[in-house]
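**Q** Here it is: the structure, laid out below.
The values are calculated or read from the model by the stated rules, or taken from the named source; none is laboratory data. The structure displayed is predicted, hence computed values, not measured ones. Cβ atoms come from the backbone with ideal geometry, glycine included; neighbour counts cover every protein chain shown. Remember, those area values only see protein heavy atoms, side chains included, never the ligands or the DNA or RNA. Shrake-Rupley method; radii C 1.70, N 1.55, O 1.52, S 1.80 Å.
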Amino acid sequence: MIGGMPAFPLPAPSAPASLATGRLLLRPVRTADVPAVTRLWTDPEVRRHLGGPVTEHVVRIRQRRVVGAPGVHAVTRTEDGTLLGIVTVEPEARDGETEVSYQFLPEHWGRGYAREAVAAVLDATLRDAPSVVALTQRANHRSRRLLEDVGMTHVSSFVEHEAHQVLYRRHR
């Protein structure tokens, strides 16, 4: 589920609470992050391949649960602390496999931040999990390219949530 938001609370994720890359810090979501994270759930461009903006009622529930939620990484740019997006790891999400999903604000698209963050989370998660899956809509070509770039392989296609979906997997 690319960009989805799992039900909370989550089981303890395989990935550590914080990760650092060359340009990014991935850490638990803080209260100050909630406005930007809320925008991820309500921005029509971000939500184009995710079923559209989340309803106000669901946003309010998520706002109460996202701060410090296990497995939800706020992706921030190291140089200035700007929140770019989130990457979520949900153990045992899809047929018992760990699932990774992500959402990034449109003004940060095209700079490799999502690829860098997802790769870091995958590498950390695969230390403990035998495999990780990711789901995206077939029409989301940018997301499919990102998943392939981080070593995930297309394993199946199906219709879910009234849209054509593709499932990717990466093994340890």
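**Q** Could you grab me the full set of residues in the stretch 55-69 that are open to solvent by 20 Å² or more (accessible area, probe 1.4 Å) and either at pLDDT below 95 or out of contact with any strand residue (DSSP E or B) (no Cβ under 6 Å at 6 or more places or on another chain) (or both)?
**A** Thr55, Glu56, His57, Val58, Arg60, Ile61, Arg62, Gln63, Arg64, Arg65, Val67
**Q** Of these, Pro44, Pro6, Pro16, which one is at pLDDT below 95, more than 16 Å from Thr76 (Cβ to Cβ) and in a loop (DSSP other than H, G, I, E, B)?
**A** Pro6
**Q** Still on this structure, please answer the following. Output the residue which, of all residues in the stretch 117-148 that are open to solvent by 40 Å² or more (accessible area, probe 1.4 Å) and part of a helix (DSSP H, G or I), is farthest from Gly71 (Cα to Cα).
**A** Ranking the candidates gives His141 first.
**Q** Right, Ser156: hydroxyl-bearing (Ser, Thr, Tyr) and free of Cβ contacts under 8 Å to residues at least 12 places away in the same chain or not?
**A** Yes: the conditions hold for Ser156.
**Q** I'd like to know if the stretch 87-102 contains one or more residues that are modelled with pLDDT of 95 or more and not in a strand (DSSP E or B).
**A** No, the stretch 87-102 contains no residue that is modelled with pLDDT of 95 or more and not in a strand (DSSP E or B).
**Q** Please list, ordered by first then second residue, the pairs with beta carbon atoms under 6 Å, 6 or more apart or interchain, first in the stretch 29-40 and without any contact (Cβ under 8 Å) to a residue 40 or more places away in the chain and open to solvent by less than 30 Å² (accessible area, probe 1.4 Å), second part of a helix (DSSP H, G or I) and among the polar types (S, T, N, Q).
**A** Val34/Gln63
**Q** Here's a follow-up. Filtering the stretch 154-172 down to residues that are closer than 20 Å to Ala117 by Cβ and in contact with a helix residue (DSSP H, G or I) (Cβ under 9 Å, 6 or more places away or on another chain), which residue is least open to solvent (accessible area, probe 1.4 Å)? So that I can check it myself, show each step before the final result.
**A** Taking the stretch 154-172 as the starting set, the residues that turn out to be closer than 20 Å to Ala117 by Cβ are 168-170, 172.
Imposing the further condition that a residue be in contact with a helix residue (DSSP H, G or I) (Cβ under 9 Å, 6 or more places away or on another chain) reduces the set to 168, 170.
Details: Tyr168: 0, Arg170: 53 Å².
Going through the qualifying residues, I end up with Tyr168.
**Q** As an exercise: evaluate Gly151 against (1) more than 20 Å from Arg77 (Cβ to Cβ); (2) part of a helix (DSSP H, G or I); (3) in contact (Cβ under 8 Å) with a residue 24 or more places away in the chain and give the number of the one condition it does not meet.
**A** If we test Gly151 against (1) more than 20 Å from Arg77 (Cβ to Cβ); (2) part of a helix (DSSP H, G or I); (3) in contact (Cβ under 8 Å) with a residue 24 or more places away in the chain, just (2) comes out false.
**Q** Follow-up. Could you please find all residues in the stretch 116-141 being touching a residue at least 24 places away in the same chain (Cβ under 8 Å) and within 18 Å of Val75 (Cβ to Cβ)?
**A** Taking the stretch 116-141 first, the residues touching a residue at least 24 places away in the same chain (Cβ under 8 Å) are 116-122, 124-140.
Selection gives Glu116, Ala117, Val118, Ala119, Ala120, Val121, Leu122, Ala124, Thr125, Val132, Ala134, Thr136.
**Q** What number of residues in the stretch 70-84 are part of a loop (DSSP other than H, G, I, E, B) and either at pLDDT below 95 or closer than 21 Å to Leu122 by Cβ (or both)? Before the answer, list the steps.
**A** At the first step, the residues of the stretch 70-84 found to be part of a loop (DSSP other than H, G, I, E, B) are 70-71, 78-82.
Then keep just the ones that are either at pLDDT below 95 or closer than 21 Å to Leu122 by Cβ (or both); that gives 70-71, 78.
Total meeting the criteria: 3.
**Q** Separate question: State whether the residues of the stretch 94-115 include one that is loosely packed, with under 15 Cβ neighbours inside 10 Å, farther than 23 Å from Glu45 by Cα and free of Cβ contacts under 8 Å to residues at least 40 places away in the same chain.
**A** For the stretch 94-115, residues loosely packed, with under 15 Cβ neighbours inside 10 Å, farther than 23 Å from Glu45 by Cα and free of Cβ contacts under 8 Å to residues at least 40 places away in the same chain: present.
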